[in-house]
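Below is one structure, written out as structure tokens; the observations come after it.
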Amino acid sequence: MAHALESEKQISESSSNDDGSRDELDVADMEKTALGQTPFPQQLPVEPAPPLRRLDSKPPNTANAEKEEGDPLAHLPEHEAAILKRQLDIPPVKLTYKSLYRYATRNDLLIMALSSICAIGGGAVMPLMTIVFGTLAGTFQGFFLKTVTGAEFTQKISHLTLYFVYLAIGEFITIYVATVGFIYTGEHISAKIREHYLASILRQNIGYFDKLGAGEITTRITADTNLVQDGISEKVGLTLTAIATFVTAYVIGYIKYWKLTLILTSTIVAIIATMGGLGRMMDKWNKASLAAYAEGGTVVEEVISSVRNATAFGTQDKLAKQYDVHLIEAKKSGFKMKTILGSMIGFLMCYVYLTYSLAFWQGSKYLVAGDMSLNDILTILLSIMIGAFALGNVAPNIQAFATAIAAANKIYATIDRVSPLDPESEEGKKLENVEGTIELRNIKHIYPSRPEVVVMEDVSLLVPAGKTTALVGASGSGKSTIVGLVERFYDPVGGEVLFDGHSIQDLNLRWLRQNISLVSQEPTLFATTIFGNIRHGLIGTPYEQQSSDEVRELVENAARESNAHDFITQLPEGYNTNVGERGFLLSGGQKQRIAIARAIVSDPKVLLLDEATSALDTKSEGVVQAALDKASQGRTTIVIAHRLSTIKHADNIVVMSLGHIVEQGTHDELLERKAAYYNLVTAQAIAAQTQAKDEADMPILDEKDANLAVRTPTTEKAELEYEDDPNDLELGRTKTQQSVSSKILAGKPNQDTHNYSLWTLIRLVASFNKQEWHWMLLGLFSSIINGAGNPVQSVFFAKSITALALPPSEYGTLRSQTNFWSWMYFMLAMVQLVFFLLQGVAFAYCSERLVHRTRDMSFRVMMRQDIQFFDREENTAGALTSFLSTETTHLAGMSGVTLGTILQVMTTLVVCCIISLAVGWKLALVCIATVPVVLGCGFFRFWMLARFQQRAKKAYEKSASYACEATSAIRTVASLTREVDVWEHYHAQLVDQQVSSLKSILQSSSLYAGSQSFMFLCIALGFWYGGTLIGRGEYNLFQFFLCFSAVIFGSQSAGTIFSFAPDMGKAKHAAAELKQLFDRQPEIDSWSTDGEVLQGMEGSIEFRDVHFRYPTRPEQPVLRGLNLTVKPGQYVALVGASGCGKSTTIALMERFYDPLVGGIYVDGREISSLNINNYRNHLALVSQEPTLYQGSIRENILLGADKAPED
């Protein structure tokens, strides 16, 4: 029976909590999905977009139209389409559950076989316990009926009690082995899947990556592999255990007496029908609630991403009301969903008590007829209860298996894809001697991801060995495409690329890339040391195998050649300095020079420079350009340049336009022709003059360099000698003077995060439900009644057994007493049903009100904040929308539901202890001593199961971020032929993680197995001591069963209730976050009623000595002493380079920020002294990107007026 109750709780756990917590996650996930914030896992579309139709094309006939609609390559000639298709195609895979074990080794299979046997054994133990339980009850009956002597009784009790101990040991060993085995093999196999996936990704051609969504690889390698692991780990063991429990229970039942077992099978039908029917309804309302939240989330995202508009027009309240419309809709559906969940638990509890009622009523008939004994009735009753609820535990796991197969589909599709350009293939020639001549012959190129655009048509070009060839032209003219074709990132659809007279399609791809070095526009460095980054350039070359001293010498020489050695040696750790992820700890110029050192360290024959200096400022560019000039001497070099001054000395300059070569020649030849190149040079000369003037003014503007000598624009001579990169000096430089604004900023207090006490947070949450206090009381009263159900049931249970134990001479009394207690069980079932329904409705109402108010209030408080709040990195539109959807839902964990759960547990425990102490204090005290263990078992079972999943996710975060770093820089990895190197590093990380997680599995599984088996030891102690007291004649049958069932089974059901309590930890965190948001006082408060209210405004504006820096970038001065006067009616234009402070002036005018020094005056009044909302009503703003919100044009226009649309 205990297990019946425990299992009963488990089923509600599987429906409410396992699913409930999953629903909670799904709530967040589905909302995010609907908002366009990809949750994991989401299958991103991999079909390339259909080609755009030209407006002048004739309407195609429907057959062709359909063909074209489905196939974006349909408009191309067959051979061209085939070349592109080859680079894109992903063959579909058909997966079964068995396919998940594709990479299982022989050892894995052996461990899984042993674990399966143990899981089945562990499942069979539970129903076997019912046989011992029934036999013990029979022995007690025999003792009272005097069919068993005192000596026999004592000996039999000791003997049967030992069985419980054996079962406990068996349960511990089997569950421990099964848990460790399945988690270990799940982890091992999923690590193999991760390795194969990464290896396959690294082998793919670049065209394949162009087609993938930005986060797809990250999703696969993090979320999807976790889902696969989840489907092949401990859940397999749990499912086998549950099925074994169900089968064993029924076998025992049918062996004992088939008729009663068959009658009680109706319980299973009722449970399945209820869970199926109510589950579907819950699903329906849950979806409706999520859809409404998602629409509300869209409003939030729109508003927050254009928060300046909302603030400027003062429309915060109107927009909050729009959001509230969706929240009210969501509240209605959410209430229905939570009510159904509450009623489902009520029905399940009702079925438990009805089963007892039916078993005792029908069983007493069979007992009087002589067909079965008391021992059989008890064994069958408990078996059926345990079996029925074990089956309920299978459902959530089946879901995990289905999800695992779905997640594995995409992963296996990539693993099985054969890359048309495989860098790890050994096929193709490797030339003995390399000169470095490159030739393009009649090239036609189309990017696989954009089949409707021809990028290059009929291009022929010869790049002689040892010479520098420069490619110039407008953006999109095909310059970078040439680099991609030479590196063989893509295959052209027409023509061929030759390397020393051989078509590169006939050469070994890896060998080709090892002879070519690439420095791209944005250099990608990997999260290792500077030395490690430069050494990556030696991969696959003969130098890779040299001694560490020789390698160090090569690395340092390459750094000297690239003008990087000096700044590296000035760093505290020199070459061992870690550059951080993607090299973010270094400046642009420093990264670029390390990338150049990496490119030339292996002394390649061919060097490709793809706009290698375009992302740098003028000062850094001089240094890097000098390094590039040095590096390209004596090598075949292809340079793509955006500044023409850097390629004057090239041997051949090729001018490109719209995928064609327009002209080529030396700098002087092309200038004489006065054609395309001449026009480019002239255009850049004008720009350069403007820039030179700006540079001459630079010392005035650049406060950071105030103590450096004034610099003039660099001359060509200085460029060749190379100037120091200013970033290299930054470490040693001191500031000799501080600006006014930096002094003001230094005195500003920081807004620290607070640590709130639990009581403060509970009061905050309670304040949201203040109006529902009468609903709360109803819910809490129902919780107390529901908590008392268990102790009352113990009295009925003990009375029923006492009645059934009567001798044959009193069979008439037996039948009438049993009938009476069966009806009492029926009454209890109805009472529990009613009060669980009431509890469900009351708490559903309070919970939905709580979430609704919290979201509404949070959004309003967000809209109250000043603009600097939204400038912060952690407060992006996505982050705040996500906060509104997830954190507010988590808050339910500190609401009435939790309080109700705690009250229910407390009531059960207190009433059980009082009843048992009143009836038989000796046995009661012994049983009460086991309560902490029983409660602990219940708690740890759920806690450990949650822990297993969290640990699996956490363990792979580090290696996943390493894999993501490599795949996001796939071009760099491909050009350095780092594929094998990346895979080996990843493999090593996975092996380390498996070793460390094995220790954690061994420890945590023992806790889980202990929580499953200690229960038997507590039962054994109760039976042994109770038997001893009965043997002494101190207790009768009623006293024993009442004390025993009240304390042991009562505390057991209390322990399983932990599964209902939503996550308190998450709730506390969410409450703290909300409290911090509500406590935040913005400097410019749109709720404030202070300040002078203007009746009218003439419109004279004056900026007086305004200094300003953005709060998120205090090191960057924006306005320094701005003085500006605008008279009423004047039309003033602000012009200047990007970043000079034009938009900032407007933002200060709108009072999005306050200046650090100085003031802004309107009609002679300082704007900070005016009422903020009234002041903004006199201004109108049209920003660079106009924002319109969801709704009609009329509604959008009326947002600018201070009226409701109906007015």
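Values as computed for the structure displayed
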{"read-out": "Within region 1097-1148: Cβ-based charge dipole about Cα centre, in debye rounded to nearest 20 (Lys, Arg +1; Asp, Glu -1)", "value": "140 debye"}
{"read-out": "Residues listed by number, region 855-871, amide nitrogen under 16 Å from Gln1076 label point at 7 Å toward C-beta", "value": "862, 869-871"}
{"read-out": "Exposure proxy order (Cβ contacts within 10 Å, fewest to most) of Thr174, Thr468, Thr1125", "value": "Thr1125, Thr468, Thr174"}
{"read-out": "Expected 222 nm ellipticity per residue - DSSP helices of 4 or more, -39500 (n - 2.57), all of the chain, to 500", "value": "-20500 deg cm²/dmol"}
{"read-out": "Projected-area mean, region 385-461, by convex hull of Cα positions, square nanometres", "value": "10.7 nm²"}
{"read-out": "Paramagnetic label zone (point 7 Å from Cα along Cα-to-C-beta, Arg1165; backbone N under 19 Å) in region 1095-1133", "value": "1095-1104, 1126-1129"}
{"read-out": "Residue order, fewest to most beta carbons within 10 Å, for Ile380, Ile405", "value": "Ile405, Ile380"}
{"read-out": "Residue (of Thr666, Thr524, Asn107) at the positive-pole extreme of the chain, dipole from beta-carbon charges", "value": "Asn107"}
{"read-out": "FRET E, pair Asp89, Ile169, Förster distance 45 Å, beta-carbon r, rounded to 0.05", "value": "0.20"}
{"read-out": "Charge dipole (debye, nearest 20) of region 924-983; +1 at Cβ of Lys and Arg, -1 at Cβ of Asp and Glu", "value": "200 debye"}
{"read-out": "Cβ-Cβ FRET estimate between Asp317 and Glu1092, R0 fixed at 25 Å, reported to 0.05", "value": "0.70"}
{"read-out": "For the chain, size of Cβ-based charge dipole, Lys and Arg +1, Asp and Glu -1, in debye", "value": "4620 debye"}
{"read-out": "Environment charge of Leu1042, counting only residues whose C-beta is closer than 15 Å and scoring Lys/Arg +1, Asp/Glu -1", "value": "+1"}
{"read-out": "Pairwise label distance in nanometres, Leu1002 with Val861, each label 7 Å out on the Cα-Cβ vector", "value": "4.8 nm"}
{"read-out": "Span from the region 88-120 Cα centroid across to the region 992-1009 one, whole angstrom", "value": "21 Å"}
{"read-out": "Ranked list, fewest to most other Cβ atoms within 10 Å of each Cβ, for Ser1051, Ser1100", "value": "Ser1100, Ser1051"}
{"read-out": "Relative packing of peptides 517-527, 918-928 - highest average C-beta neighbours within 10 Å first", "value": "517-527, 918-928"}
{"read-out": "Of all DSSP beta bridges in the chain, antiparallel share, percent nearest 5", "value": "60 percent"}
{"read-out": "Gyration tensor verdict on region 181-333 (Cα atoms; rounded if a/c is under 1.5, prolate if a/b is larger than b/c, oblate otherwise)", "value": "oblate"}
{"read-out": "Normalised contact order of region 1101-1198, rounded percent, pairs of Cα under 8 Å and 6 or more residues apart", "value": "29 percent"}
{"read-out": "The chain: relative contact order in percent, alpha carbon pairs under 8 Å with at least 6 residues between", "value": "17 percent"}
{"read-out": "Extension gain (nm, one decimal) between Ser961 and Lys332, 0.36 nm per residue minus Cα-Cα", "value": "222.3 nm"}
{"read-out": "Gain upon complete extension [Leu925, Glu810; 0.36 nm per residue less C-alpha separation]", "value": "38.0 nm"}
{"read-out": "Fully extended contour minus Cα-Cα distance, from Glu874 to His660, at 0.36 nm per residue", "value": "72.4 nm"}
{"read-out": "Peptides 664-674, 1158-1168 ordered by average Cβ neighbours within 10 Å, highest first", "value": "1158-1168, 664-674"}
{"read-out": "Label-to-label distance, nm, for residues given as Arg673 and Ala946 (7 Å Cα→Cβ offset)", "value": "7.3 nm"}
{"read-out": "Angle in degrees between helix 1064-1079 and the longest Cα principal axis of the chain, rounded to the nearest 10", "value": "50 degrees"}
{"read-out": "Sum of side-chain charges, Leu976 neighbourhood, beta-carbon under 13 Å (Lys, Arg +1; Asp, Glu -1)", "value": "+2"}
{"read-out": "Net charge contributed by nearby residues that have their C-beta within less than 9 Å of Lys444 (K/R +1, D/E -1)", "value": "-3"}
{"read-out": "Unit charges at the beta carbon, dipole of the chain: most positive-side option, Ser373, Ala404, Thr481", "value": "Ser373"}
{"read-out": "Reported label for calculated Cα extents along the principal axes in Å given [x] 111, 104, 74; [y] 106, 68, 65; [z] 128, 86, 70", "value": "[z]"}
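Quick note: the coordinates plus some simple rules give every number you see, no bench work behind them. Worth saying up front: this structure is predicted, and the values here are computed from it rather than measured. Backbone-built Cβ (ideal geometry, glycine too); neighbour counts: all protein chains shown.
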